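K.L.:
Starting off with a structure, shown below.
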Amino acid sequence: MNAYNVIIIGAGAAGLMCAATAATSGKRVLVIDHAKKPAEKIRISGGGRCNFTNTRCSPANFLSTNPHFCKSALARYTPQHFIALVEKHGIAYHEKTLGQLFCDGSSQQIIDMLLTECAATSVDIMLETTISRIETGYQLHTSQGSFTADSLVVATGGLSIPKMGASSFGYDIAGQFNIPLTLTQPALVPFTMDEDWLSRYKPLAGVALPDVIVCCNKQTFREAMLITHRGLSGPVMLQISSYWQEGNAIHINMLPEADMRALLKSARSHNPKQDIHTILSQHLPKRLAQSILDEQAINGRIADLSNASFEALASHIHQWSLVPHGTEGYRTAEVTLGGVDTAALSSQTMECKSQKGLYFIGEVVDVTGHLGGHNFQWAWASAQAAGTHLASVTVQ
Ligand SMILES: Cc1cc2nc3c(=O)[nH]c(=O)nc-3n(C[C@H](O)[C@H](O)[C@H](O)COP(=O)(O)OP(=O)(O)OC[C@H]3O[C@@H](n4cnc5c(N)ncnc54)[C@H](O)[C@@H]3O)c2cc1C
């Protein structure tokens, strides 16, 4: 029988959560995905341990054209709800930092948990299935036959990591039903730098700073930074990339806890014979310290250095301004910024205001979280908003 109450496109985080929820009232639910395996992004997330939520998650952790849109869903399905589900399935977890919760074991445990929930409510899941046409009503023509449903949920995610099955299909469906989109761009993505910068800093690839403040477009983040052979990465750079536009400068304070001007002056008074490299290396990785000194053409005993040299070093360390050449793009971005315009959706149910029975959930929607488990929390919360509504809809 090919008639369902609900068809969900996308067996990812949002799609599986929505399916299990919508089917609780006995609704017939089918999930279709073109990939060989479900939820591949959960599998690779959090370095294989899935940062599945963040206990400090709030609407302030999300970017959207309408920052209020996410509030309702996030308030009704909180990190505590997801933690309760994780605990019900006996999955051990830990807080890594800043409220970020990870599995002790592997992210496969979260996938298995969602699949178990789907099996318990008799959800059908069809993988390796290509959808060729969708007709209003809803009728889906696929490589495995045709299927009908009263409601269609689009949970196809964003454009990042195309080799894992990411596609623009969700945006195409929005287009088919005249649902507007906001501009999309890679987010939570490493920066690339130009050749000139790389000629100096590429040899430092692998050098990390544990505590850095970075600012761009009035946003500030404080976390770790990593120099790569293409540019700059690490949590702090991924976070700020979501606010960066081409041509913008980013401003870095490499040592927020220290006052370099005062430190250098004090060193000149107390240890005048010390080499400046030795002093900088007490606060920064040795190779980075040397590179900064080379760039400023400063060397030798601290006693012989001028206040102007101190100023140049302090300014480089506390107010390093750079204009990234670009980003690594969707190849490595964790998420897509922008997507289905929230103005077209109900924040209570995720249903399209102009198209009855059509829903968009998860990353395909113009709601993008900060790094640290917020994107999964949005996937769970938006899926619950749609799923609970679908479970309550009277079957016609
Ligand atoms: C490397 C990496 C690490 C990440 N780590 C974390 C983390 O630790 N914590 C966190 O909160 N977020 C993390 N994220 C982000 C998180 O994975 C996503 O925000 C989340 O998976 C979005 O859920 P979704 O269900 O909307 O989309 P997805 O999980 O991407 O699922 C979409 C599904 O739709 C399917 N699909 C796409 N196109 C079609 C089509 N044409 N036909 C049929 N099916 C289709 C896909 O195959 C996929 O199964 C990470 C992302 C990446 C890339």
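K.L.:
Which one of these is at pLDDT below 95 and hydrophobic (A, V, I, L, M, F, W, C): M193, M164?
P.N.:
M164
K.L.:
I'm checking my understanding of the structure. Among residues of segment 369-385 that are farther than 19 Å from H94 by Cα and of a type outside the set (A, V, I, L, M, F, W, C), which one is nearest to the ligand (Cβ to nearest atom)?
P.N.:
For segment 369-385, the residue satisfying everything is G369.
K.L.:
When both residues are 6+ apart or on different chains and their Cβ atoms are under 8 Å apart, which pairs have a first residue that lies in segment 34-57 and is more than 20 Å from P79 (Cα to Cα) and in the same structural domain as N375 (by TED's automatic domain parsing), and a second that is within 6 Å of the ligand (Cβ to nearest atom) and modelled with pLDDT under 95?
P.N.:
Pairs found: H34/G165; H34/S167; A35/G165; E40/G165; I44/I161.
K.L.:
Kindly establish whether L159 is more than 23 Å from the chain's Cα centre (by Cα), under 19 Å from Y359 (Cα atoms) and either within 13 Å of the ligand (Cβ to nearest atom) or assigned by TED's automatic domain parsing to the domain that holds C352 (or both).
P.N.:
Judged against the criteria, L159 is not a match.
K.L.:
Taking the conditions exactly as written (more than 16 Å from the ligand (Cβ to nearest atom), closer than 17 Å to D259 by Cα, outside any loop (DSSP other than H, G, I, E, B) and not assigned by TED's automatic domain parsing to the domain that holds V214), does L284 satisfy them or not?
P.N.:
The answer is no for L284.
K.L.:
Another question, if that's okay. Among the numbered criteria (1) among the aliphatic types (A, V, I, L, M); (2) closer than 26 Å to G26 by Cβ; (3) more than 12 Å from the ligand (Cβ to nearest atom), which single criterion is violated by L127?
P.N.:
In the conditions (1) among the aliphatic types (A, V, I, L, M); (2) closer than 26 Å to G26 by Cβ; (3) more than 12 Å from the ligand (Cβ to nearest atom), L127 misses (3) alone.
The values are calculated or read from the model by the stated rules, or taken from the named source; none is laboratory data. Just so it is clear, the structure is predicted and the values come from calculations on it, not from any experiment. Don't worry about glycine lacking a Cβ; one is built from the backbone with ideal geometry, like all the others, and counts go over all protein chains shown.
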